[in-house]
Amino acid sequence: MIKPERSRNYQNRIQDALLKPNLQETLGKFADAYVLAREAAFAGQDFEALRDSIAEIKDEVRNNLPKYLEEFTTNAEAAGAKVFLAKTAEDANRYILDLARARGVKKIVKSKSMASEETHLNRALIEAGVDVLETDLGEWIVQLAGERPSHMVLPAIHMVKEEVAELFSKATGRTESAEIPHLVRVAREQLRQAYLDADLGITGANAAIAETGGLALVTNEGNARLTSTLPKIHVALVGIEKLVPTLEDAHNIINVLPKNATGQLITSYISWIRGAVPCGDAAKELHIVLLDNGRSALAESAVCRDALRCIKCGACANVCPVYQIVGGHVFGHVYISAIGIILTAFFHGLDNAAELVKACIGCRACVAVCPSKIDLESIILHLREVLGEEEGIGTGKSLVFKKIMRNRKLFHGMLRAASLLQKPVTRGERSIRHLPLFFSGLTEWRTLPAIADKPLRDLWNTLPQKLEKPRYRVAFFAGCLNDFVYPELGQDLVKVLNHMNVDVSFPLEQNCCGVPALYSGDRETATALAKQNIDAMLQSAPDFVITTCPTCTMSLQRDFLDLLKENPEWTSKAQQLSAITMDISRFIVDELDGSSAFAGVADLSSVTYHDSCHLKRGAGVWQQPRELLERSGHTLAEMAHSDRCCGFGGSYSFTGHPEIARRILADKIRDIETSQADCVAMDCPGCLMQIKGGLEKQEKPIRAAHTIELLAEALRKTKFED
């Protein structure tokens, strides 16, 4: 059963975060700076080749974990270290606490370690009467605040300098100014003596090298070097996923890690440790605690195991639109953002990940930036399915998906009925500006498009197509929005493709692509819809299947394959459909070589282009629509963050997290305005609904249009018009 109290608590945390303007400003500024710094850091390097290499290294260890655990343990102990494999967080904490008791430890210094956050090590030590001090600047700040890190690499990124100055003032007993150089000096003064006084130092590690039994640590402050060197006992708490076969492999990871984490070419300090680090004439101990705590279970999951490739760079948070609005204390448990959802499910239980799973908007920005090539979105979708199976998807969604959407005639009949019932609120307009009663919140921050009087399927036979010898015969998969909300886009598509001698058919048996059900965790309905659509689209044996919606494109190209991969009867059909499906812009440019067909019109409107998430990061299409717009006479004015999500996310902006979607849209509209273009173009009806609705609600004099709409207009202004 769905747990309403858990959901209410999470919603309250979201509302609290939304009331912190400093949070959004701080995270937004970092995100903007990060994108530019990362691009500069990787200049001249092949990022795809680098991420392939890291994925290969990580998969090798995951697939042969016992071998590398044994090799590392043997070599580390030969170098003088003591190695302990902790099956659980409790085992790890107990080993470290027992060691501290046995050695009479009273004071511990720690460098940054997410593994220790995962095991709640500080709490265990403090409850046992041991004084524990974080020495990483960000970690010390959140320790003083009584908080947990809000980012894996930048623990205190959510705080402004004035908040830090207030915390430092309480720690020092004097008023500290909010100037950053001063705050750094205060931290140095407060922390330096602790290294000398500490009996034990605790670090993590960025890599554990099997062939040497050594560790690699990277920091910008040098605190890990002091923590591992000055105290007489050094404990390294290391997740077993940090194992790598060779020194060269560790080097490859360290080459990528700072670039992808913060946009640095390299960190200030890289420490290589093998055996106990010398500490004057005194005897020194090195204890390496290798932490499992759910990692072995994760390795056994065929769908989720790639998450063990993670090198903890935190980049998935840096580019996440949800994280930028609510921060890691909301969009995280211990680990944050996309990777945090998955690790939380396996390390801390699905219940702790349940609301985080729903909070993901599915924009795939994390997938594009991940240096380990983890398909984070696909894994999160799987966890939604698991959650849906365990807790259900709710009575309302279950009714819509299982009883209505699977029955195409009933579903489409209800949409037709809705076009009549909406008359009192549309007042003859194509946009709904206000809704009554408890529906009013849906139109507080955007207008909504009215359902068309007649769907595209009812208009299809009125479209003239007189092609004697067409170059191709294509089938059009319209999707729900193109069919029932924006039928004019289908009419424009026919006009454009007929101009290039392509015949277009509309299979009437097509239904919803299934993404709303799949993204809600209802795999059963998504599978049923996949079968309906495969039969419908392949019935006429088209040369290609064309879409105007990238979410539908990815559903036909990718999701159907996954949904039916265990069904031999349907697998080949799904593969056949996938091979011939593509979005309209790619089809025109790549298959028809058709961008020149729109030349001849000059001085059309200036246009900026919004990259729809699933088009650019799913289908890999972004250059083709720009080429079409420029060749058809438009002046292209690139906006900032053109590929940042608009906040639509289907049901996400309606029943999921509309308050987050609203903030994301506001950022997108600012970028559109700043471009000073007359029109914003896009290739997704969902993005069109979101962006056009926001522009209309704010009464901005900027047009929103689908690329195919602008191409059809260009044809009407040329000699090619029929």
Legend entry - Total residues in region 671-722, condition among the charged types (D, E, K, R) and modelled with pLDDT of 95 or more: 11
Legend entry - Any chance Thr553 is among the β-branched types (Val, Ile, Thr) and farther than 26 Å from Asp483 by Cα: no
Inset, instruction - Go through the residues of region 596-617 one by one and say whether even a single one is under 20 Å from Gln690 (Cβ atoms), surrounded by 24 or more Cβ atoms within 10 Å (Cβ to Cβ) and either over 28 Å from the mean Cα position of the chain (by Cα) or not assigned by TED's automatic domain parsing to the domain that holds Val680 (or both). - result: no
Inset, instruction - Taking the residues in region 206-251 that are part of a helix (DSSP H, G or I) and among the hydrophobic types (A, V, I, L, M, F, W, C) as candidates, determine which candidate is surrounded by the fewest Cβ atoms within 10 Å (Cβ to Cβ). - result: Leu247
Legend entry - Lone unmet requirement of (1) in contact with a Ser or Thr (Cβ under 8 Å, 6 or more places away or on another chain); (2) surrounded by 17 or more Cβ atoms within 10 Å (Cβ to Cβ) for Ser169: (2)
Inset, instruction - List the number of the failed condition for Glu390; all other conditions in (1) closer than 28 Å to Phe654 by Cα; (2) out of contact with any Leu (no Cβ under 8 Å at 6 or more places or on another chain); (3) among the acidic types (Asp, Glu) hold. - result: (2)
Legend entry - Lone unmet requirement of (1) touching a helix residue (DSSP H, G or I) at 6+ places or on another chain (Cβ under 7 Å); (2) part of a loop (DSSP other than H, G, I, E, B) for Asn260: (2)
Inset, instruction - Evaluate the following for Ile336: is it within 30 Å of Glu300 (Cβ to Cβ) and not assigned by TED's automatic domain parsing to the domain that holds Ala89? - result: yes
Inset, instruction - Restrict the check to region 81-104 and report whether at least one residue is more than 24 Å from Ile253 (Cβ to Cβ) and either of a type in the set (Val, Ile, Thr) or at pLDDT below 95 (or both). - result: yes
Legend entry - Pairs with Cβ under 7 Å, 6+ apart, first in region 254-279 and under 11 Å from Val218 (Cα atoms), second among the charged types (D, E, K, R): Tyr269/Arg225; Ser271/Arg225
Inset, instruction - Would you mind telling me which numbered condition in (1) closer than 22 Å to His499 by Cα; (2) in contact with a helix residue (DSSP H, G or I) (Cβ under 8 Å, 6 or more places away or on another chain); (3) modelled with pLDDT of 95 or more Leu563 fails? - result: (1)
Inset, instruction - Identify, by number, the condition in (1) closer than 30 Å to Ala299 by Cα; (2) surrounded by 12 or more Cβ atoms within 10 Å (Cβ to Cβ); (3) not aromatic (Phe, Trp, Tyr) that Arg13 doesn't meet. - result: (1)
Legend entry - Filtered residues of region 114-138 (kept if in a helix (DSSP H, G or I) and either surrounded by 19 or more Cβ atoms within 10 Å (Cβ to Cβ) or under 30 Å from the mean Cα position of the chain (by Cα) (or both)): Met114, Ala115, Ser116, Glu117, Glu118, Thr119, Leu121, Asn122, Ala124, Leu125, Leu137, Gly138
Inset, instruction - Test Gly28 against the criterion of being out of contact with any strand residue (DSSP E or B) (no Cβ under 7 Å at 6 or more places or on another chain), on the phi > 0 side of the Ramachandran plot and either in a loop (DSSP other than H, G, I, E, B) or surrounded by fewer than 21 Cβ atoms within 10 Å (Cβ to Cβ) (or both), and give yes or no. - result: no
Inset, instruction - Would you confirm whether any residue within region 622-635 is assigned by TED's automatic domain parsing to the domain that holds Leu695, surrounded by fewer than 24 Cβ atoms within 10 Å (Cβ to Cβ), touching a strand residue (DSSP E or B) at 6+ places or on another chain (Cβ under 7 Å) and in a loop (DSSP other than H, G, I, E, B)? - result: no
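Residues are listed down the side, and each one gets a yes or a no for (1) basic (Lys, Arg); (2) more than 27 Å from Phe484 (Cα to Cα); (3) in contact (Cβ under 8 Å) with a residue 24 or more places away in the chain:
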position	(1), (2), (3)
Glu630	no, yes, no
Thr635	no, yes, yes
Gln676	no, yes, yes
Glu696	no, no, yes
Inset, instruction - Look at region 395-436 and say how many of its residues are among the small types (Gly, Ala, Ser) and surrounded by 15 or more Cβ atoms within 10 Å (Cβ to Cβ). - result: 3
Legend entry - Lone qualifier among Leu99, Leu65, Leu85 - being surrounded by fewer than 19 Cβ atoms within 10 Å (Cβ to Cβ), over 23 Å from Val277 (Cβ atoms) and in contact with a strand residue (DSSP E or B) (Cβ under 8 Å, 6 or more places away or on another chain): Leu65
Inset, instruction - Give region 378-436 a look and list any residue that's among the small types (Gly, Ala, Ser) and within 30 Å of Ala307 (Cβ to Cβ), or say none. - result: Ser378, Gly388, Gly392, Gly394, Ser398
Legend entry - Evaluation of Glu355 against (1) surrounded by fewer than 24 Cβ atoms within 10 Å (Cβ to Cβ); (2) closer than 30 Å to Val621 by Cα (one fails), failing number: (2)
Legend entry - Residue satisfying condition, being assigned to a loop (DSSP other than H, G, I, E, B) and either crowded, with 17+ Cβ neighbours inside 10 Å or at pLDDT below 95 (or both), within set Ile288, Ile266, Ile254: Ile266
Inset, instruction - For residues that are in contact (Cβ under 8 Å) with a residue 24 or more places away in the chain and assigned to a helix (DSSP H, G or I), tally how many sit in region 420-437. - result: 1
Inset, instruction - For region 315-329, name all the residues that are in a helix (DSSP H, G or I) and more than 10 Å from the chain's Cα centre (by Cα). - result: Gln324, Ile325, Val326
Inset, instruction - Tell me, please, whether a residue that is out of contact with any helix residue (DSSP H, G or I) (no Cβ under 6 Å at 6 or more places or on another chain), buried (at least 24 other Cβ atoms within 10 Å of the Cβ), assigned to a helix (DSSP H, G or I) and among the charged types (D, E, K, R) can be found in region 662-672. - result: yes
Inset, instruction - Hey, could you check region 566-587 for residues that are modelled with pLDDT under 95 and not in a helix (DSSP H, G or I) and say which is nearest to the chain's Cα centre (by Cα)? - result: Glu566
Inset, instruction - Return the pairs, sorted by first residue and then second, in which the second residue is part of a helix (DSSP H, G or I) and among the basic types (Lys, Arg), the first residue lies in region 115-134 and is without any contact (Cβ under 8 Å) to a residue 24 or more places away in the chain and closer than 24 Å to Gly294 by Cβ, the beta carbons are less than 6 Å apart, and the residues are 6+ apart or on different chains. - result: none
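The values are calculated or read from the model by the stated rules, or taken from the named source; none is laboratory data. For clarity, every value in this text was computed on a predicted model and none was experimentally measured. Don't worry about glycine lacking a Cβ; one is built from the backbone with ideal geometry, like all the others, and counts go over all protein chains shown.
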